[in-house]
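The values are calculated or read from the model by the stated rules, or taken from the named source; none is laboratory data. Every value quoted in this text rests on a predicted model; they were computed, and no experiment measured them. Cβ placement follows ideal geometry from the backbone for every residue including glycine, while neighbour counts extend to all protein chains displayed. Only protein heavy atoms, including side chains, enter the accessible area calculation; ligands, DNA and RNA are left aside. Shrake-Rupley method; radii C 1.70, N 1.55, O 1.52, S 1.80 Å.
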Amino acid sequence: MLKKFTVKDDVSSKSKVKSSVQRTIRSKILAQYPLLEPYADELLPKKDPLFLVKCKEQLNLVSINNRVLFFNYYDGPYFPHLKLLHEFPDILPHLQVDKGAIKFVLQGANVMCPGLTSKGARLTEENIETDRVVAIMAEDKEHALGLGLTKMSTNDMKSINKGAGSHSIKKEKYYNTLSKKACIEGMKILKLNEEDSLINAITRAIQVLGSNLNRGGKVECDASMMCGRTGAFGAVGASDCLRNPIKFASVILRREKVGSVGHKFGLIPPMLICGSNGVKEYLEFVNENCSVEAKNVTEVVNNEVLVTSERLARFKEYTDLLLNDAMSESGFFPSEDLTEDTVGAIAMDLSGNVFSGVSSGGIWLKHPGRIGEAAVFGAGCWSENHLKNGSNLYGFATSATGAGEMIIRSQFSSALADSVMNMRTLTSQLKPIATETVPDHLKNFVKEKVFKQSLKFKEKNLGAIFLKSNFNLNQNFAELEFWFLHSTKSLAFGYIFKDDLKPTCVISRKSSTGHEDFIKVGCEVKCLRIAKIN
């Protein structure tokens, strides 16, 4: 960030370097900037003394004749002074941001891919590798407004176009590790084939991520789960005191299955509890009045326990940028991780029953008290089972993520269930259904039922996984179809079937199509023989 720089406050020392050190610095600079070779004697004369000015934060300035020409951090690459770059603009490759990003660059925000690939921005035709010094140019401006060091090659910038709702290439291993852990933990519980295996498997699989902070600097989470066999649903919204909100949602679901039977005055157990006071009072009531299965299954903590130092530092960075209007409509993002932190899971047990769940802290700096799709019935998750012909148990389960208000408005998960369950079959991606293939059907469903009903939302971010099953009770044979779809730049997920030795973990990425409404769809079909259950 541009700030006042004074010798008194920022300079630690200034020393004339030895001739041997001067030759070393000179050769390194010319090796890094060969186009300056014809001007070397003018800029870096061998006989004139070279001074090294050491500043705070390991910043070094290279000065000759009282003019700062280059600087570097610790022993990293040399950056030319901006005035020197204006004199010799061709010594560095140029990356151009759109005009809307100018003030944010000058305020110190990092330059992310959307700011370099949006309309008005420009990347070089030739590939620039990582860790290269580049000149940051601006739309309709003659001179560079800054310097940068690439953290991703320009080829990757073009293909990934990293932004909110995307997954960093550098973090792929981390995301896949989380998906793998969730699948393995969930499958361990499912194989126990106990009464609450589905609830416990979904709960365990979802307990893998931390949460973003709202504008008040607090963690506030939403979570829900739904049972396909009974239709029971449990959710918590804007909770700031739960270590694992999905566990609390399981308490709601267990009681919601009971209905109003046995309750005085016809009171019906709630489907959704919101806020810390509601959560604490409800847990007290459950522990005092309800069966042992719902007691003490979740942990109430102070919000400070949920806020990590890393997320607090990022919160301060984002807050400063927000106060300076840094959330630009130009596609300029201050950090690569300005994303949602939603995690969801779907499952089918050995009896053909399906289950789903979802938990989310929402996007960074959301409004305190805001309820997202992860807590809303029919929006963030959905499950249903139907018995047909006395022997075929059909199932559908889905979990969704994306722009919460858009998902809520369209009741995405329940609408997707209606659309999919009304199809005759999903067995083949290429088999026509009416006059369209299954992927086309799903893409059209999203565009017509979700995007068109949410025209006022600029960000059409949506991702979902869903399972469709046909369980033959007589033959103990199941046909399973795992599907995914997303309009976001990427979607991270994993899946595992009963006989698999290990999970399959994927980060699906859209190709650079040039239009945000493109939806990627994929499928995995599995036919399983289920051991007879007594």
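Just a few scattered comments:
- Selection count, segment 78-95, where residues are hydrophobic (A, V, I, L, M, F, W, C) and in a loop (DSSP other than H, G, I, E, B): 2
- Summed over segment 116-132, the residues that are farther than 18 Å from I169 by Cα and either open to solvent by less than 10 Å² (accessible area, probe 1.4 Å) or acidic (D, E) (or both) give a count of 2.
- Restricting E288, E293, E310, E256 to those that are at pLDDT below 90, open to solvent by 10 Å² or more (accessible area, probe 1.4 Å) and in contact with a strand residue (DSSP E or B) (Cβ under 7 Å, 6 or more places away or on another chain) reduces the list to E256.
- Scan of segment 493-502 for residues that are at pLDDT 90 or above and open to solvent by 30 Å² or more (accessible area, probe 1.4 Å), ordered by number: Y495, I496, K502
- The lone exception for R409 - which of (1) of a type in the set (D, E, K, R); (2) modelled with pLDDT under 95; (3) surrounded by 19 or more Cβ atoms within 10 Å (Cβ to Cβ) it fails: (3)
- Of the residues making up segment 359-389, just one is β-branched (V, I, T) and at pLDDT 95 or above, namely V376.
- Here H86 meets the list (1) farther than 20 Å from M137 by Cα; (2) in contact (Cβ under 8 Å) with a residue 12 or more places away in the chain almost entirely, failing just condition (1).
- Qualifying residues in segment 374-387 (those that are in contact (Cβ under 8 Å) with a residue 60 or more places away in the chain and touching a Ser or Thr at 6+ places or on another chain (Cβ under 8 Å)) - the one nearest to T230 (Cα to Cα): S383
- Of all the listed residues (D75, D41, D48, D9), the sole one being outside any strand (DSSP E or B), open to solvent by less than 70 Å² (accessible area, probe 1.4 Å) and not hydrophobic (A, V, I, L, M, F, W, C) is D48.
- Checked against (1) open to solvent by 10 Å² or more (accessible area, probe 1.4 Å); (2) in contact with a helix residue (DSSP H, G or I) (Cβ under 8 Å, 6 or more places away or on another chain); (3) more than 27 Å from K316 (Cβ to Cβ); (4) part of a strand (DSSP E or B), L147 passes all but condition (3).
- Cβ-Cβ distances below 6 Å connect the following pairs, each with a first residue in segment 476-490 that is of a type in the set (D, E), a second residue that is part of a strand (DSSP E or B) and surrounded by fewer than 18 Cβ atoms within 10 Å (Cβ to Cβ), and a separation of six or more residues or different chains: E479/C527; E481/V525.
- Answer residue from segment 458-486, given it is in contact with a helix residue (DSSP H, G or I) (Cβ under 9 Å, 6 or more places away or on another chain) and either open to solvent by less than 10 Å² (accessible area, probe 1.4 Å) or not in a loop (DSSP other than H, G, I, E, B) (or both) and is nearest to H386 (Cα to Cα) among those: K468
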